[in-house]
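Please read the structure below before turning to the comments.
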């Protein structure tokens, strides 16, 4: 049988059964042995119920059951599909239907996804003690490890099936280049529906480290810094927004216990990182580029202040080199490969990339191209990059209307579609930046049929929290450019 | 300029209404970020900046970490004004 991504955890159950595996909010900790017992309980239940579904939903909260369920589903050989309680019911219902889920694991007994969905309430499973030999035989041979949903420009979210093999390639790279140990403490500060959570949780299990789960908070950056300080976190994965938001306070803080700090999800600014580097004086800071479609991250740039100062363009730290197994193609608007040093759209091929979205057969982002005498399937990222004279890649910007809001990928068109339907009018959404370069959204609606409060309320019911505009402005007429399109440049000046 | 606690709340109310874009918001000591829709990572900074300007204080990070409610904020402001 193939190994699953849970095998790193199972291996370390054998090596370090008494080592702390996770600490959940309110300081409750679980050793590898104790966590294995919970994993085994869920796994045994799946076996007893003879679950043959290749995709299993998990209603995710920051408790031990969520971690155990992720591990159990992975060990069982199925793909886990995280469902976020903070997402609107309609979005979760879409995910359940799109993945054709028939089984959802949850520690909360009261949730309901439909009569055809079997809910397994984890906190009500009967305890059966089982420890050594810490082995769980995969019952299914599904190559997909998890399915996450990203924003879609057509107004419909897209399901991204990521293979276990792709995640294993990333973990192999991390293990070869960074030296984690059982003494390390990781922080998992992401939503379970965000792929950086996979890096934080499974990253901790690679070498028998401990992973801290964070309590829910509306002001996340403050809590992240608090956790780093209080729990002496040594391995961090963050979105750059965290250090952008906390710039003012960083000179007051020194975290000498941080050994590694990985950034991904947004452009990392050199000026912000230089300040952060003083806060984590002993840490290796790594800027990584990745997409949900590329199994979390696929490039690395080890930050050194003096070198980065020379290489950064528009204050943006390079995304560095791509992992060795990845083939890179930079193309112009016509789809032709650009010359070395020119800006082009980044297209990626290799085993870390997905080959299709869920239920979407014809997707323009995938195309075949001959490169290095091989015909490869490339994924068109929409990101504009160029290679500098030192061989590092630089992120320049987007070639479409996708934006990053605190690490979340957001298609403005998806929000505009929803807004238009709600208010029965034309709508436009723009992304603005505050003085610390933090992006936020502002929406404009043209003579809506609803009042602003009703629009805002309906938006909350239909789109994820990070897609909600900070402000909605009513206009009698949306400004148009010369070619008749909505003039977003003018709209930005109106905020 | 010095303020007592009774003077702090009305000034905070003005700041909160403006920053969180809720003209009718009534603040109470037990109010937290969970109770105000617009109180998030971004607006938190704007609110703290506005508080610092209004009261002529600088809130250190260690104090900021412990401020979970309006009541904590009032206490912190009061403490900084007296120091």
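The values are calculated or read from the model by the stated rules, or taken from the named source; none is laboratory data. Quick caveat: nothing in here was measured; it's all calculated off a predicted structure. Note that each Cβ is placed from the backbone with ideal geometry, even for glycine, and that neighbours are counted across all protein chains shown.
Side notes on the structure shown:
- Count of residues meeting criterion [more than 10 Å from chain B (Cβ to nearest Cβ) and surrounded by fewer than 21 Cβ atoms within 10 Å (Cβ to Cβ)] in the range A:228-259: 7
- Considering residues of the range A:202-224 that are under 24 Å from residue B:35 (Cβ atoms) and part of a helix (DSSP H, G or I) only, the residue farthest from the other protein chains (Cβ to nearest Cβ): A:224
- Highlighted here are the helices (runs of 4 or more DSSP H) found entirely within chain B that include at least 2 residues which are facing chain A (nearest Cβ under 9 Å): B:41-55, B:61-66.
- Selection of the range A:19-51 for residues being in a loop (DSSP other than H, G, I, E, B) and more than 22 Å from residue A:187 (Cβ to Cβ) yields A:49, A:50, A:51.
- For residue A:123, the criteria (1) under 18 Å from the mean Cα position of the chain (by Cα); (2) surrounded by fewer than 15 Cβ atoms within 10 Å (Cβ to Cβ); (3) not in a loop (DSSP other than H, G, I, E, B) hold in every case but one, which is (1).
- Residue within the range A:293-309 that is touching a strand residue (DSSP E or B) at 6+ places or on another chain (Cβ under 7 Å), part of a helix (DSSP H, G or I) and at pLDDT 95 or above present: yes
- Filtering the range A:432-483 to residues that are within 13 Å of chain B (Cβ to nearest Cβ) and assigned to a strand (DSSP E or B) leaves A:432, A:433, A:439, A:440, A:441, A:442, A:471, A:472, A:473.
- Breaking point among (1) closer than 24 Å to residue A:312 by Cβ; (2) more than 14 Å from chain B (Cβ to nearest Cβ); (3) surrounded by 14 or more Cβ atoms within 10 Å (Cβ to Cβ), for residue A:391: (3)
- For the range A:272-292, the set of residues classified as within 28 Å of residue A:169 (Cα to Cα) and outside any loop (DSSP other than H, G, I, E, B) consists of A:273, A:284, A:285, A:286, A:287, A:292, listed by residue number.
- Complete set of residues in the range A:266-276 that are within 14 Å of chain B (Cβ to nearest Cβ) and at pLDDT below 95: A:266
- Residue within the range A:279-298 that is free of Cβ contacts under 8 Å to residues at least 40 places away in the same chain, within 14 Å of another protein chain (Cβ to nearest Cβ) and crowded, with 21+ Cβ neighbours inside 10 Å present: yes
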